[in-house]
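These notes concern the structure reproduced below.
The values are calculated or read from the model by the stated rules, or taken from the named source; none is laboratory data. Nothing here was measured: the structure is a model prediction, and the numbers come from that model. Using ideal geometry, Cβ is built from the backbone for each residue, glycine included, and neighbour counts are taken over all protein chains shown.
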There are 2 protein chains.
Amino acid sequence: MTRAEIVKKLVHIEERSIRPQGKAFAPANIALCKYWGKRDKELNLPITSSLSVSLGALGTETVLSLTEEQDIITLNGQRVDGAGSFARRLTEFLDLFRLPGRFFQVETINTIPTGAGLASSASGFAALVCALRELLQLNIDSKSLSILARLGSGSACRSLYNGFVEWRAGELTDGMDSYAEPLPDSWPEMRLGVVMLTEKEKPHSSRDAMNRTTETSLLYKQWPGKVEKDLLALKTAIREKDFALLGKTAESNALAMHATMLDAWPPVLYWLPETIAIFKHVWELREQNVEVYFTIDAGPNVKLLFLQSEIKRIEKVFKNVYIIAPFG
Amino acid sequence: MTRAEIVKKLVHIEERSIRPQGKAFAPANIALCKYWGKRDKELNLPITSSLSVSLGALGTETVLSLTEEQDIITLNGQRVDGAGSFARRLTEFLDLFRLPGRFFQVETINTIPTGAGLASSASGFAALVCALRELLQLNIDSKSLSILARLGSGSACRSLYNGFVEWRAGELTDGMDSYAEPLPDSWPEMRLGVVMLTEKEKPHSSRDAMNRTTETSLLYKQWPGKVEKDLLALKTAIREKDFALLGKTAESNALAMHATMLDAWPPVLYWLPETIAIFKHVWELREQNVEVYFTIDAGPNVKLLFLQSEIKRIEKVFKNVYIIAPFG
């Protein structure tokens, strides 16, 4: 099934409904249980469910309008080269919503500090579908909106909500049961700390790394079972405010994801030497009874998980930490 | 079943057969397919088979004699504290062969350069059982000798032979079918390069790490399947002199072993920041068509695998490399 077929199923686009502008904000999100492996690459259908926390005011704001001749994309005020991979990915997605002979002007502002290593494609596509809904006056519910966002970038479906969000993998081949939903719980004391690394790494695309892992790693066969166990633990931890359980589960889940990459061939390793040094600092702090854990995505940056009460001890060890309060 | 029961099954020790001295050398070995996980901790029975290459003249030389009052152990000419873990492990093993009221003098010399990160317990226990055989005039075949060495340290059973050696896991609960045998093939052009790391790390005991992994890692469930596949590939590579297949299989096997450790809780990570830097150098060299691969044991040191023809290009990149010709 193609993305175009799904979009046609979900929305009806009419020239006469179009408004002058659509404007939306969506938060970035960090997965505590990772999305790692697709059962359908065209529709971004995942092999497993996943669970994230959104980053409040950190995310993407997008203003969308119609224009003539060609798509115009600006990112943080700068015009983006239409031939680059960023613009091409956006344009291909916008094609799914295009009226004959009409083009889109997309003004995108990321409120995520550059260099923080926080993925912006999730908040970017989430903001874009919300802006599309407004611009084209689409008559859809939030479940369908989450599905549309997923077609742009898998984890974007989680960026439609604040707080803790679960993306259920679903089972249907058209993915109509694969969308995100918010959990009711909030945890105002929870903090995320992004440890900034100076060295920039030639990145593996996370899409390629994911596919290479599912195709070549034997250890990956255990990943779905790991996720099932971790999701249960995370939901218990969130419900019962058991921070040690949350931290331990998120850390182990992230390490297991990276473990499956090591077992791919050729091996995939996102870590820099400094990444390991940060892991060790975290483990040393835990030995001193500081409740701090980490998670790490398909990149070298480490994200610390801790409670507000530990903020001073964290800042003492990690000079270059950028602290986020996901619940404001 | 206890170690003492196994020893009683295999050897008969008589006062009148004892000679003044037993002297033996055994090589260290590096596994291309790792021994990782025990099905019996008392008898060091492995969950899977493994395959190693012995390091020729690098290993342990042991001279054994009987003495009065207490065991006396020297290592590289220095008397070893009897209360330390090294001496206690040796003494407990010697208890299995002890005649009433008699003690052992063990003079051990490691020809392995210190700091090379090459395990000496394998060559140590292999040399020790060979010296015991000579001292006590034990009437046993090499299969039984390999079993005795295994009782001291699992991988010691592989250090009784030169060249490529396979340790078959076996199935019996008493381990009588769990011993090492040499492969007939030799590969004179093969080289191992140990990249010396300056920083010393507080080590996890590999015994504890192994047990923690088998007890807590879900990904470990795939390890036996991985080993089965890798052993077949390694034997094909050795038989057909396919160095790329040998290198790729050994590297992937080592990374998968470390991957299972990452999935343990608490996580086990032997790597130092420098370890990662070395991995990346190896991968960069491969991109330049230099056929070099690595393996890594339960420690931070990386061992390069390459052929004699690449020696200059290796030495150019790795200034601190100690090169070994396993086939002399």
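Hey, B:Lys280 hits all of (1) farther than 27 Å from A:His281 by Cα; (2) facing chain A (nearest Cβ under 10 Å) but one; which does it fall short on?
(1)
Of the residues A:Tyr179, A:Tyr220, which is away from every other protein chain (no Cβ under 14 Å) and either under 20 Å from A:Leu118 (Cα atoms) or in contact with a helix residue (DSSP H, G or I) (Cβ under 7 Å, 6 or more places away or on another chain) (or both)?
A:Tyr179
If I go through the range B:123-155 residue by residue, how many of them are in contact (Cβ under 8 Å) with a residue 40 or more places away in the chain and under 21 Å from B:Pro184 (Cα atoms)?
Residues meeting the conditions: 5.
Condition first: crowded, with 18+ Cβ neighbours inside 10 Å and closer than 19 Å to A:Ala259 by Cα. Can you find one or more residues in the range B:303-320 that meet it?
Checking the range B:303-320: not a single residue is crowded, with 18+ Cβ neighbours inside 10 Å and closer than 19 Å to A:Ala259 by Cα.
Does any residue of the range B:59-66 turn out to be among the acidic types (Asp, Glu) and within 30 Å of B:Ser186 (Cα to Cα)?
Checking the range B:59-66: at least one residue is among the acidic types (Asp, Glu) and within 30 Å of B:Ser186 (Cα to Cα).
State the number of residues belonging to the range A:129-158 that are closer than 17 Å to A:Leu75 by Cβ and assigned to a helix (DSSP H, G or I).
3
Can you find a residue in the range B:72-85 that is small (Gly, Ala, Ser), over 30 Å from B:Met190 (Cα atoms) and within 22 Å of the chain's Cα centre (by Cα)?
Yes - at least one qualifying residue is present in the range B:72-85.
Please enumerate the residues belonging to the range B:205-223 that are more than 21 Å from A:Ala254 (Cα to Cα) and surrounded by fewer than 17 Cβ atoms within 10 Å (Cβ to Cβ).
Once the filter is applied, which keeps residues that are more than 21 Å from A:Ala254 (Cα to Cα) and surrounded by fewer than 17 Cβ atoms within 10 Å (Cβ to Cβ), the range B:205-223 yields B:Ser205, B:Arg207, B:Asp208, B:Asn211.
Under 29 Å from A:Gln137 (Cβ atoms), surrounded by 14 or more Cβ atoms within 10 Å (Cβ to Cβ) and at pLDDT 95 or above: does that describe A:Val11?
It is true that A:Val11 is under 29 Å from A:Gln137 (Cβ atoms), surrounded by 14 or more Cβ atoms within 10 Å (Cβ to Cβ) and at pLDDT 95 or above.
Tell me which of these A:Lys200 doesn't satisfy, since it passes every other one: (1) farther than 21 Å from A:Glu291 by Cβ; (2) more than 10 Å from every other protein chain (Cβ to nearest Cβ); (3) assigned to a loop (DSSP other than H, G, I, E, B); (4) modelled with pLDDT of 95 or more.
Here A:Lys200 meets the rest and fails (4).
Test A:Leu99 against the criterion of being out of contact with any Lys or Arg (no Cβ under 8 Å at 6 or more places or on another chain), assigned by TED's automatic domain parsing to the domain that holds A:Ala131, in a helix (DSSP H, G or I) and not aromatic (Phe, Trp, Tyr), and give yes or no.
Against the criterion (out of contact with any Lys or Arg (no Cβ under 8 Å at 6 or more places or on another chain), assigned by TED's automatic domain parsing to the domain that holds A:Ala131, in a helix (DSSP H, G or I) and not aromatic (Phe, Trp, Tyr)), A:Leu99 does not qualify.
Here are A:Ser178, A:Ser186: which of them is assigned to a loop (DSSP other than H, G, I, E, B) and either crowded, with 23+ Cβ neighbours inside 10 Å or on the phi > 0 side of the Ramachandran plot (or both)?
Among A:Ser178, A:Ser186, only A:Ser178 is assigned to a loop (DSSP other than H, G, I, E, B) and either crowded, with 23+ Cβ neighbours inside 10 Å or on the phi > 0 side of the Ramachandran plot (or both).
Out of all the residues in the range A:37-54, which are in a loop (DSSP other than H, G, I, E, B) and either of a type in the set (Gly, Ala, Ser) or not assigned by TED's automatic domain parsing to the domain that holds A:Ile112 (or both)?
Once the filter is applied, which keeps residues that are in a loop (DSSP other than H, G, I, E, B) and either of a type in the set (Gly, Ala, Ser) or not assigned by TED's automatic domain parsing to the domain that holds A:Ile112 (or both), the range A:37-54 yields A:Gly37, A:Ser49.
Being surrounded by 11 or more Cβ atoms within 10 Å (Cβ to Cβ) and over 19 Å from B:Pro20 (Cβ atoms) is the filter here, so list the residues in the range B:85-98 that pass it.
Passing the criteria: B:Phe86, B:Ala87, B:Arg88, B:Arg89, B:Leu90, B:Thr91, B:Glu92, B:Phe93, B:Asp95, B:Leu96.
Of the residues B:Ala126, B:Ala57, B:Ala119, B:Ala87, only one is assigned to a helix (DSSP H, G or I) and either under 24 Å from B:Gly193 (Cα atoms) or basic (Lys, Arg) (or both); which?
B:Ala126
Does the range A:255-265 include one or more residues that are modelled with pLDDT of 95 or more, more than 7 Å from chain B (Cβ to nearest Cβ), in contact with a His (Cβ under 6 Å, 6 or more places away or on another chain) and farther than 21 Å from A:Ser309 by Cα?
No; the residues of the range A:255-265 include none that is modelled with pLDDT of 95 or more, more than 7 Å from chain B (Cβ to nearest Cβ), in contact with a His (Cβ under 6 Å, 6 or more places away or on another chain) and farther than 21 Å from A:Ser309 by Cα.
Exactly one condition in (1) farther than 24 Å from B:Arg286 by Cα; (2) touching a Lys or Arg at 6+ places or on another chain (Cβ under 8 Å) is not met by B:Trp187; state its number.
Condition (1) is where B:Trp187 drops out.
Looking only at residues that are surrounded by fewer than 18 Cβ atoms within 10 Å (Cβ to Cβ) and of a type outside the set (Lys, Arg) in the range B:282-302, which one is nearest to A:Ile276 (Cα to Cα)?
B:Trp283
Within the range A:283-319, track down each residue that is at pLDDT 95 or above, away from chain B (no Cβ under 14 Å) and touching a His at 6+ places or on another chain (Cβ under 9 Å).
Scanning the range A:283-319 gives A:Val317, A:Phe318.
For the range A:26-36, check the following and say yes or no: at least one residue is outside any loop (DSSP other than H, G, I, E, B) and either out of contact with any strand residue (DSSP E or B) (no Cβ under 9 Å at 6 or more places or on another chain) or of a type in the set (Val, Ile, Thr) (or both).
Yes: one or more hits.
Assigned to a loop (DSSP other than H, G, I, E, B), outside the structural domain of B:Ala259 (by TED's automatic domain parsing), of a type outside the set (D, E, K, R) and under 30 Å from B:Leu305 (Cβ atoms): is that true of B:Ile13 in this structure?
No.
Listed residues A:Ala26, A:Ala31; which is surrounded by 14 or more Cβ atoms within 10 Å (Cβ to Cβ) and either touching a Leu at 6+ places or on another chain (Cβ under 6 Å) or closer than 20 Å to A:Glu134 by Cβ (or both)?
Within the list A:Ala26, A:Ala31, the selection yields A:Ala26.
Any residue at all in the range A:231-239 that is among the hydroxyl-bearing types (Ser, Thr, Tyr) and in contact with a helix residue (DSSP H, G or I) (Cβ under 6 Å, 6 or more places away or on another chain)?
No: zero hits.
Considering each residue of the range A:13-32, count those that are of a type in the set (S, T, N, Q) and farther than 21 Å from A:Ile238 by Cβ, and give that number.
2
What's the number of the condition B:Leu232 fails, among (1) within 9 Å of chain A (Cβ to nearest Cβ); (2) farther than 15 Å from B:Trp36 by Cα?
Unmet condition: (1).
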